[in-house]
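K.L.:
Sharing a structure with you now.
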Amino acid sequence: MIFDQDSWQEIISTLKKNKLRSLMTAFGVFWGIFMLMVMLGTGTGLEHGVTQELSDRATNSVYIWTRKTSKPYQGFPRGRHYHFVNEDIEKIRRNIPGVEHLAPRNKLGSYRTTNNVVRKGKAGAFSIYGDYPAIQSILLQKITKGRFINHLDLQEKRKVAVIGSRVYKILFEKGDDPLGKYIQIRGVFFKVIGVFATNRSGDDEEEDTQTIFIPFTTFQHAFNYGNKVGWFAMTSEKGTSAAIVEEKVMALLARNHHIAPDDKRAFGRWNAEIEHNKIMDVFFGVEALIWFVGISTLLAGVIGVSNIMLIVVKERTREIGIRRALGAAPRSIIGQIMLETISLTSIAGYAGLLAGVVMVEISSYFMAKGGIKMELFRNPEVDLNAATIALLVLIISGAIAGLIPAHQAVNIKTVDAIRTEI
Amino acid sequence: MIRIQNLNKSYVVGNTEMHVLKNLEVHIQAGELVSIMGSSGSGKSTLLNIIGILDSYDAGEYYLDNVLIKNLNESKAARLRNQLIGFVFQSFNLISFKNAMENVALPLYYQKVSRKERNKRALAYLDKLGLLEWAEHMPNELSGGQQQRVAIARAMVSEPKIILADEPTGALDSKTSHDVISLFREIHQTGITVIIVTHESDIAERTKRVIQIRDGAIIADV
């Protein structure tokens, strides 16, 4: 029946002869699926944007810093200030097996404060970090020129610096090769060995690239930090939960610094895994909402089709009666009406799908071409699976939409159908 | 060809039951030209619908071509109609968005005849009825007489054993009516059984046999 050329010709001629009706019906479905596609595209755009913002850190990274103790312990009063020290580094390495990368860090100055770096009459306010090479596996910055800090730099406390792309822009003339040049940080000269960029955009990009990395040991030495460690950044090994590693490291640090085992407020912490999961949960919600709204819109379209088909069947009662008098079996009538509905919804739906995808691609193209970088929106696209699912839902609901009117068409007695006055 | 024995049919309208056909006995041989006459409400149309398997009946028996027609499901009834019966209606009942040829070819579509063959046969019948040059016209571009001739061509295209005509001249002027009846007489000459329901006596006079019905019973059969 479905692949019989004659029934298709029958359907095409019926649809063609009733153009306005077919068009009106088709538009409801077209709009439904078009909106669904646009919403899905926007949703992924949003998701890409936010994951991009998160992409400056490994998703399994953990940060732990010091705060005031909140409980008296081992003779020490509450409210005590303390510091992490170099000895903690070795102890964590030796005792906590789940840690993949460990980066003790120190920081000087901050974003948008007073100038602290100068070079040949140019000056800027940058964040200066003392770091281990391991930080590269946690922060995921891209080296665009030269190299990052290595272990030899640390061992020999070399005065070298890796600068962000914005630091380069402020301190150097355009086209200048920064490698091997010297910059002055708080009066101490450092040789530039590398430049890096970030994946993020907007304010985040500015903040990320107004940063200078120098060897951790050099930092302590040059700026009189002794053996102080500002905070720890680390990632958990694959298969180990970042949250568990965090707990273990905190317990160890508590022992080292005479902090009550249950004094959680003595530490500040940030766990990318938890943050990441939270945001993924939000996105799951957003996506569910998009599908719900989209499918509802689609359903409204399909119900519209069913409604119109009901009217159509009513309008065509007599024609159907004549066909039955001439020998059309109920099956053939039902088949014809259902095929009409399905082809109408499928064609209209496919057109909507195409228009939606084209719309999303066009906006994506212009965003890329115009270099528009929005902070939480990037690269909208519709994935093929979603489109296929939508199309399937459409065809099935088209069939269901056709079922009711089709049955109504054959439930009337043939005699009555022929006699119906329109 | 048609054997009706003790046929009864009633409709329920509101609370009252209307006994439309009462113990009807009708026998029609193959190749007869018969008219069924009666005023409106006499039950003649109901009888025609039962003969045409468009309607069911309550009691009695109806044999069409020696097949008992009773409690058939709609698919089977449709097949029998398609194979055995050609219908001609008072209001022509052409499908408005199909041209003359497509209308004539429609019964063959339900016989699963190929499109090319359908159209060929449809054109042959239109030619026979002198409508070949109107084949591509839509029904609303044709006169009443032309429309009824298209309808007759459609009834004949499937080469049925019986042609049932329900007031075929009811919507036509007397000149055209005359032509249409002549056409039925010609069809009858080819050996097809023709049954015409009418309330006009001058139409009935031109058939070989007239069955008169009043209040659901046969009052004359000559």
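The values are calculated or read from the model by the stated rules, or taken from the named source; none is laboratory data. Bear in mind the structure is a predicted one, so any value in this text is a computation, not a measurement. So basically every Cβ, Gly included, is an ideal-geometry build from the backbone, and we count neighbours across all protein chains shown.
K.L.:
Suppose we keep only residues that are among the small types (Gly, Ala, Ser) and outside any helix (DSSP H, G or I) within region A:314-330. Which one would you say is nearest to the other protein chains (Cβ to nearest Cβ)?
P.N.:
A:327
K.L.:
Taking region A:109-154 only, how many residues are closer than 22 Å to residue A:187 by Cβ and either surrounded by fewer than 17 Cβ atoms within 10 Å (Cβ to Cβ) or among the hydroxyl-bearing types (Ser, Thr, Tyr) (or both)?
P.N.:
Looking only at that region, the number is 14.
K.L.:
Moving on. Tell me which of these residue A:250 doesn't satisfy, since it passes every other one: (1) without any contact (Cβ under 8 Å) to a residue 60 or more places away in the chain; (2) in the same structural domain as residue A:89 (by TED's automatic domain parsing).
P.N.:
It fails just one condition, (1).
K.L.:
Let me ask something else about it. Identify all residues within region A:230-247 that are over 19 Å from residue A:264 (Cα atoms), in contact (Cβ under 8 Å) with a residue 60 or more places away in the chain and not polar (S, T, N, Q); write none if there are none.
P.N.:
Within region A:230-247, A:237, A:238 qualify.
K.L.:
Taking region B:142-160, which residues are among the basic types (Lys, Arg) and within 14 Å of chain A (Cβ to nearest Cβ)?
P.N.:
Step one: filter region B:142-160 for residues among the basic types (Lys, Arg), giving B:149, B:154.
Within region B:142-160, just B:154 meets the criteria.
K.L.:
In contact with a helix residue (DSSP H, G or I) (Cβ under 7 Å, 6 or more places away or on another chain) and not in a strand (DSSP E or B): does that describe residue B:79? Step through it out loud before you land on a result.
P.N.:
Numbers: in contact with a helix residue (DSSP H, G or I) (Cβ under 7 Å, 6 or more places away or on another chain): no; not in a strand (DSSP E or B): yes.
Judged against the criteria, residue B:79 is not a match.
K.L.:
Evaluate region A:335-344: report whether one residue or more is more than 14 Å from chain B (Cβ to nearest Cβ) and not in a helix (DSSP H, G or I).
P.N.:
First, the residues of region A:335-344 that are more than 14 Å from chain B (Cβ to nearest Cβ): A:337-339, A:341-344.
From what's left, not in a helix (DSSP H, G or I): none.
Within region A:335-344, none of the residues are more than 14 Å from chain B (Cβ to nearest Cβ) and not in a helix (DSSP H, G or I).
K.L.:
If you scan region B:1-15, which residues turn out to be among the polar types (S, T, N, Q) and either in a strand (DSSP E or B) or in contact with a Ser or Thr (Cβ under 6 Å, 6 or more places away or on another chain) (or both)?
P.N.:
Of all residues in region B:1-15, those among the polar types (S, T, N, Q) come to B:5-6, B:8, B:10, B:15.
Within region B:1-15, B:5, B:6, B:8, B:10 qualify.
K.L.:
Out of the residues in region A:56-87 that are among the aliphatic types (A, V, I, L, M) and modelled with pLDDT of 90 or more, which is surrounded by the most Cβ atoms within 10 Å (Cβ to Cβ)?
P.N.:
So the residue we want is A:62.
Here is a yes/no grid of residues against (1) more than 21 Å from residue B:121 (Cα to Cα); (2) not polar (S, T, N, Q):
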{"site": "B:151", "(1), (2)": "no, yes"}
{"site": "B:165", "(1), (2)": "yes, yes"}
{"site": "B:172", "(1), (2)": "yes, yes"}
{"site": "B:198", "(1), (2)": "yes, no"}
{"site": "B:204", "(1), (2)": "yes, yes"}
{"site": "B:207", "(1), (2)": "yes, no"}
{"site": "B:217", "(1), (2)": "yes, yes"}
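K.L.:
Only one of these is assigned by TED's automatic domain parsing to the domain that holds residue A:98, touching a residue at least 60 places away in the same chain (Cβ under 8 Å) and farther than 13 Å from residue A:105 by Cα: A:127, A:137. Name it.
P.N.:
Numbers: A:127 fails: farther than 13 Å from residue A:105 by Cα.
Criteria check complete, one pass: A:137.
K.L.:
Of all residues being farther than 15 Å from residue B:95 by Cα and either without any contact (Cβ under 8 Å) to a residue 60 or more places away in the chain or within 14 Å of chain B (Cβ to nearest Cβ) (or both) in region A:292-313, which is nearest to the chain's Cα centre (by Cα)? Just the residue, please. Steps first, answer last, please.
P.N.:
Start the filter on region A:292-313 by keeping residues that are farther than 15 Å from residue B:95 by Cα, which leaves A:292-311.
Then drop every residue that is not either without any contact (Cβ under 8 Å) to a residue 60 or more places away in the chain or within 14 Å of chain B (Cβ to nearest Cβ) (or both), which leaves A:292, A:296, A:307, A:311.
Values: A:292: 20, A:296: 25, A:307: 40, A:311: 46 Å.
The extreme case among them is A:292.
K.L.:
Next up: So which helices (runs of 4 or more DSSP H) are wholly in region B:107-201 and hold at least 3 residues that are more than 20 Å from the chain's Cα centre (by Cα)?
P.N.:
B:115-128
K.L.:
Here's something else I'd like to know. Could you give me the residue pairs with C-beta distances under 6 Å whose first residue belongs to region A:266-285 and is more than 17 Å from residue A:48 (Cβ to Cβ), whose second residue is aromatic (Phe, Trp, Tyr) wherever it lies, and which are 6+ apart or on separate chains?
P.N.:
A:268/A:65; A:270/A:63
K.L.:
Testing residue A:358 on (1) at pLDDT below 80; (2) among the β-branched types (Val, Ile, Thr); (3) assigned to a helix (DSSP H, G or I), one condition comes back false. Which one is that?
P.N.:
Tallying (1) at pLDDT below 80; (2) among the β-branched types (Val, Ile, Thr); (3) assigned to a helix (DSSP H, G or I), residue A:358 fails exactly one: (1).
K.L.:
Taking residue B:64 as the residue in question, decide whether it is surrounded by 19 or more Cβ atoms within 10 Å (Cβ to Cβ) and either touching a Phe, Trp or Tyr at 6+ places or on another chain (Cβ under 8 Å) or within 14 Å of another protein chain (Cβ to nearest Cβ) (or both). Show your work before the answer.
P.N.:
Details: surrounded by 19 or more Cβ atoms within 10 Å (Cβ to Cβ): yes; either touching a Phe, Trp or Tyr at 6+ places or on another chain (Cβ under 8 Å) or within 14 Å of another protein chain (Cβ to nearest Cβ) (or both): no.
When the stated conditions are applied, residue B:64 does not pass them.
K.L.:
Continuing with the same structure: Can you say whether residue A:13 is touching a residue at least 60 places away in the same chain (Cβ under 8 Å), not assigned by TED's automatic domain parsing to the domain that holds residue A:243 and not hydrophobic (A, V, I, L, M, F, W, C), as far as the supplied structure shows?
P.N.:
Working: touching a residue at least 60 places away in the same chain (Cβ under 8 Å): no; not assigned by TED's automatic domain parsing to the domain that holds residue A:243: yes; not hydrophobic (A, V, I, L, M, F, W, C): yes.
Here the answer is no, as residue A:13 does not meet what is asked.
K.L.:
Among the candidates B:106, B:84, single out the residue that is closer than 22 Å to residue A:411 by Cα, at the interface with chain A (Cβ under 10 Å from one of its Cβ atoms), surrounded by 15 or more Cβ atoms within 10 Å (Cβ to Cβ) and out of contact with any Gly (no Cβ under 8 Å at 6 or more places or on another chain).
P.N.:
Numbers: B:84 fails: closer than 22 Å to residue A:411 by Cα.
The match here is B:106.
K.L.:
Separate question: Confirm whether residue A:265 is buried (at least 18 other Cβ atoms within 10 Å of the Cβ) and among the charged types (D, E, K, R).
P.N.:
Values: buried (at least 18 other Cβ atoms within 10 Å of the Cβ): no; among the charged types (D, E, K, R): yes.
Against the criterion (buried (at least 18 other Cβ atoms within 10 Å of the Cβ) and among the charged types (D, E, K, R)), residue A:265 does not qualify.
K.L.:
Picking from B:168, B:139, which residue would you name as being within 13 Å of chain A (Cβ to nearest Cβ) and touching a residue at least 24 places away in the same chain (Cβ under 8 Å)?
P.N.:
Values: B:168 fails: within 13 Å of chain A (Cβ to nearest Cβ).
Being within 13 Å of chain A (Cβ to nearest Cβ) and touching a residue at least 24 places away in the same chain (Cβ under 8 Å) holds for just one of B:168, B:139, which is B:139.
K.L.:
Could you please find all residues in region B:87-103 being in contact (Cβ under 8 Å) with a residue 60 or more places away in the chain and either more than 12 Å from chain A (Cβ to nearest Cβ) or not aromatic (Phe, Trp, Tyr) (or both)? Spell out the reasoning first.
P.N.:
Quick first cut of region B:87-103, residues in contact (Cβ under 8 Å) with a residue 60 or more places away in the chain only: B:87-92, B:94.
Once the filter is applied, which keeps residues that are in contact (Cβ under 8 Å) with a residue 60 or more places away in the chain and either more than 12 Å from chain A (Cβ to nearest Cβ) or not aromatic (Phe, Trp, Tyr) (or both), region B:87-103 yields B:88, B:90, B:91, B:94.
The rows are residues; the columns are (1) among the small types (Gly, Ala, Ser); (2) buried (at least 24 other Cβ atoms within 10 Å of the Cβ); (3) assigned by TED's automatic domain parsing to the domain that holds residue A:10.
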| residue | (1), (2), (3) |
| --- | --- |
| A:318 | no, no, yes |
| A:324 | no, yes, yes |
| A:330 | no, no, yes |
| A:334 | no, no, yes |
| A:338 | no, no, yes |
| A:346 | yes, no, yes |
| A:349 | yes, yes, yes |
